[in-house]
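What follows is a single structure, written as structure tokens, with notes after it.
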Amino acid sequence: MKGIIGVIPARYDSERLPGKVLQRIGKITILESVYQHARKAKTLDRVIIATDSSIIEQHAKSFGAEVFITSSDCRCGSERVAEVAEKIPGRIFVNIQADEPLVPDEAIDEPVKEMLKDRNIVCSTPATRIKTEEDLYNPNITKVVMDRNGFALFFSASLLPFPRVYFVKEQPFFGRVDFFKHIGVYAFRKGFLLKYKSLPLGPLEKFEQLEQLRILENGYKIKVVVISKDSISIDTISDLRKIKVLGHG
């Protein structure tokens with residue numbers, strides 16, 4: 001056993017789409033799809049669904065998932081994952097967002113591999129190149145910029161960086177700058193994950209409502225791994241329709 005645990009934090013309430021993880025895409029729910037995709041990751045020893053909802057608990061158990069009940073005080077998914085890490089052994093805990101039903105296994109495996117190669121990395125996350133103008137201007141898609149060593153400088157729902165040239169449809173970049181979409185997976189070393197839970201929330205995290213900004217605002221680094229495959233986050237009914245148009249529902 002490598003001691004690498006995948007945790008899917010799932011809550012019932014959602015501001016934009018309540019109960020969204022229980023929405024169906026084809027014959028299964030979003031949550032079950034996330035779970036099935038997470039199980040395909042080669043680096044994980046175990047996959048757990050963490051929730052404070054009895055409705056989600058019952059549903060997760062219906063398709064054979066291991067479930068941990070967490071408190072309702074968690075302010076974000078990573079805090080929910082930290083509650084699981086407090087209860088069980090493990091070296092690396094991977095927060096896999098419950099609203100990304102098509103999360104590719106490389107989005108889980110590559111950040112973990114990066115951490116196994118470099119013990120100084122406390123958190124790693126995937127990103128992929130933005131290929132369409134629609135995605136670039138979509139406020140539901142989080143963008144990330146990195147330094148030349150691949151560590152995150154900032155995450156935002158806004159255009160990042162701001163382009164001073166027009167979008168060129170024939171190539172997925174503006175001039176010489178690639179734009180990157182963040183995918184909702186975070187690999188944490190256990191010690192740092194437990195510390196994360198006690199870090200103070202800063203104004204940027206509150207303003208952008210992005211939990212990863214707590215890491216940057218408190219002076220820690222996030223290693224970004226660029227992967228080739230994309231992942232669709234379900235935030236609205238139109239996102240559900242998009243998945244069905246793509247033939248996944």
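Structural remarks
- Note on Leu116 and Arg91: their simple-model spin labels are 0.8 nm apart, each label 7 Å out from Cα toward Cβ.
- Taking other C-beta atoms within 10 Å as the exposure proxy, Arg119, Arg129 rank Arg119, Arg129 from fewest upward.
- Stretchable slack from Lys131 to Asp147, in nm (0.36 nm times residue separation minus alpha-carbon distance): 3.7 nm
- Neighbour-count order for Ile92, Ile183, Ile55, fewest beta carbons within 10 angstrom listed first: Ile55, Ile92, Ile183
- Percent of beta bridges antiparallel (DSSP, the chain, rounded to nearest 5): 55 percent
- Over every Cα atom in the chain, the radius of gyration and the widest Cα-Cα span, Dmax, amount to 17.3, 51 Å.
- Full extension of the chain between Lys229 and Leu22 yields a length gain of 72.1 nm, computed as 0.36 nm times the residue separation minus the alpha carbon distance.
- Cα centroid separation, region 126-158 to region 6-46 (Å): 23 Å
- Multiplying the residue separation of Glu66 and Lys195 by 0.36 nm and subtracting their alpha-carbon distance yields 43.9 nm.
- Note on region 1-122: semi-axes of the ellipsoid equivalent to its C-alpha gyration tensor, largest first and rounded to whole Å, are 23, 16, 13.
- Ile55 paired with Val177, simple spin-label distance in nm, labels 7 Å along Cα-to-beta-carbon: 4.2 nm
Since every read-out is calculated from the coordinates, none of them should be taken as a lab result. Not measured: the values here are computed from a predicted model. We place every Cβ from the backbone using ideal geometry, glycine too, and count neighbours over all the protein chains shown.
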